[in-house]
Structures are given as C-alpha cells and as structure tokens.
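Here is the structure we will look at.
The values are calculated or read from the model by the stated rules, or taken from the named source; none is laboratory data. Just so it is clear, the structure is predicted and the values come from calculations on it, not from any experiment. Methodologically, a virtual Cβ is constructed for each residue, glycine included, from the backbone with ideal geometry; neighbour enumeration extends over all protein chains shown.
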Amino acid sequence: MTYFLLIPVSVFLFYQFSRLRSLAKHDKILFPICQIRRDIMSFFMKNGVEISEVNYREALDLLKAVDITIHYYNPLKTNFFNLRRFQEHVTKTREGKKIINKLSKNEEIRDLQGRFGNAIIKGFLAYTPFVRSEFCLKTILFLITRIANKNIEEIDRSVEQARQLRKEYLISNKVAC
C-alpha cells in the first residue's frame, strides 16, 4: 500500500524540483535586466533637467530596449536567447539595432549598455541548449578534419612518389633488357 503512495509522491517531488530549478534560472537571468531598468530610471531622476538631449535620447532608447526585453522575456526566452533565432529578433527590432550599433559617449550610459549586453549574453548561454558542448564538438571536428586532410595530402604525395618510382623502375628495366 505504501508503494502506491511512494510513486506518485516521488513523481510530484521530481516535478516540483524541476519547476523550482527552471524558476531559479528564470529569476537569475531576469533580475539583472530589471536592475538595469531601475538604474536607468535612477539615472533620469539623478540628472533631472540637466541631462543633455543626446544623453536623454540614448538612455531612452536603452530603456525601450530593456522594456521590450522584459516584456517579451517569458514567452520568448527560449527563442530570443537562442543563437539560431537571436539574429532574426535583433534585425526585426529597431530599438535593439540602435543599441547594438551605437555606444554612448556618456560613461554612465555606456556602463548600462555594457551591463545590458552582458545580461543578454548570460541569458543566451542559459537558454541555448548545449551551446558550449556544441562549440567544443565543432572545434574538435574541425581539428580532426584538418588533421585528416593533411594526412590524406601526405598519402597522396607518397602514392605519387611510388608511382613515379615505379615508372622509373619500369623504364630502367626495359632499357636494361
């Protein structure tokens, strides 16, 4: 009787454990992005009216990109933070394109842009499955291919030398006969 209870409880505990791990990953990536948004808002509050138009526009563009990332984070986290689909999303959103192509002259805004880029990269590494192992495997495959090609070239040269020696041998034997 207790075995019948043990199996459903074990399945339920495994489900809860996996759900908590996914939430922890979710929060680990989302929290720094939300902190960047809070820092941008404090930048606006701290500088107030003295902020230049260029700095205001750059900070506002960054804020829009951060807001878009936060807003679409949950439904698109497995797509947006995936290398195979990341390029499509960057080219589709003009705000993201502006932020990526333009660095600010203001030190504070540049720091915020760098932190936002780092948060995006961390999200990419967290949500792209097997990216590190895929990179390692492709590197190993490339090295093996290069080594094999070099060995094939050496074998081709050896075969060509053997053919040349055979021709010379046959010619020398015909002349001698």
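Observations on the model:
Residues checked against (1) of a type outside the set (A, V, I, L, M, F, W, C); (2) in the same structural domain as Asp61 (by TED's automatic domain parsing); (3) within 27 Å of Asp67 (Cβ to Cβ):
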| position | (1), (2), (3) |
| --- | --- |
| Val11 | no, yes, no |
| Arg21 | yes, yes, no |
| His26 | yes, yes, yes |
| Pro32 | yes, yes, yes |
| Ile40 | no, yes, yes |
| Phe44 | no, yes, yes |
| Glu50 | yes, yes, yes |
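- Selected residue (only one of Lys150, Lys98, Lys105 is at pLDDT below 65, over 16 Å from the mean Cα position of the chain (by Cα) and not acidic (Asp, Glu)): Lys98
- Unique residue being in the same structural domain as Met45 (by TED's automatic domain parsing), at pLDDT 70 or above and assigned to a helix (DSSP H, G or I) when the list is Leu76, Leu165, Leu60, Leu143: Leu60
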